[in-house]
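K.L.:
Below is a structure I'd like to ask you about.
The values are calculated or read from the model by the stated rules, or taken from the named source; none is laboratory data. Remember, it's a predicted structure, so these values are computed and weren't measured experimentally. Glycine gets a Cβ as well: all are built from the backbone with ideal geometry, and neighbour counts include every protein chain shown. Please note that ligands, DNA and RNA were not included when accessible areas were found on the heavy atoms of the full protein model with its side chains. Shrake-Rupley method; radii C 1.70, N 1.55, O 1.52, S 1.80 Å.
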Amino acid sequence: MSQRILESYRESIEEGLARVLAGDEPLRPLLRYHVGLEDENGASMHATGKLLRPSLVLFIADQLGAATDAALPGALGLELIHSFSLIHDDIQDRDHIRRGRPAVWSVWGIEQAINAGDLMHALAIRSALDGPGGSAECLVRATMEMIEGQCRDLQFERRRVSAE
């Protein structure tokens, strides 16, 4: 997929993320920071990365003749699930840096980062529920598999292997 194709969906994805993550509630700035819409002081920025996953969803919808506006809630849900998993992964792996910036937990603490990840997860499902039938169910199923995979990854990392 060429960069030009990815860029063609960027504006609608960033606007959608800003809409889903809008609000003055205490965790919303953490979410906007994590996805790259704001810096740690709340100043607007555009550091959202490649947005590959939601761009692929919109590209496929477009290629299949579906309206990308109809696919956008599911695409946003997918991106938010990915983002929630990264917030929690940074805590679990004790990674201080994400995308060249301090990880959410490094700035706001582990407790609030967990809360932020949990809220991001809920917002992802809510977004997917606004999409075509089956979008949310598919996203929930894939999220459950991803979480089980993360559990296995942590188990593997912590296993004790003898030299024998």
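K.L.:
Quick one: which of Ser83, Ser12, Ser8 is in contact with a His (Cβ under 9 Å, 6 or more places away or on another chain) and of a type outside the set (Asp, Glu)?
P.N.:
Sole residue among the options that is in contact with a His (Cβ under 9 Å, 6 or more places away or on another chain) and of a type outside the set (Asp, Glu): Ser83.
K.L.:
Let me ask something else. Could you list, in sequence order, all residues of segment 107-161 that are without any contact (Cβ under 8 Å) to a residue 60 or more places away in the chain, under 12 Å from Gly77 (Cα atoms) and β-branched (Val, Ile, Thr)?
P.N.:
Matches in segment 107-161: Ile125, Val140.
K.L.:
Need the failing condition index for Pro26 against (1) within 19 Å of Ser135 (Cβ to Cβ); (2) out of contact with any Asp or Glu (no Cβ under 8 Å at 6 or more places or on another chain), just the number.
P.N.:
(1)
K.L.:
Further question: State which residue is surrounded by the fewest Cβ atoms within 10 Å (Cβ to Cβ) when the search covers only segment 115-148 and only residues that are of a type in the set (Val, Ile, Thr) and under 13 Å from the mean Cα position of the chain (by Cα).
P.N.:
Residue satisfying both the conditions and the ranking: Ile125.
K.L.:
Would you mention how many residues in segment 68-116 are outside any helix (DSSP H, G or I) and closer than 13 Å to Thr143 by Cβ?
P.N.:
Total satisfying the criteria: 0.
K.L.:
Looking at (1) assigned to a helix (DSSP H, G or I); (2) touching a Pro at 6+ places or on another chain (Cβ under 7 Å), which is the one condition that is false for His34?
P.N.:
(2)
K.L.:
Can you tell me how many residues in segment 1-28 are assigned to a loop (DSSP other than H, G, I, E, B), under 17 Å from Phe59 (Cβ atoms) and either open to solvent by less than 30 Å² (accessible area, probe 1.4 Å) or modelled with pLDDT of 95 or more (or both)?
P.N.:
Of the residues in segment 1-28, 0 are assigned to a loop (DSSP other than H, G, I, E, B), under 17 Å from Phe59 (Cβ atoms) and either open to solvent by less than 30 Å² (accessible area, probe 1.4 Å) or modelled with pLDDT of 95 or more (or both).
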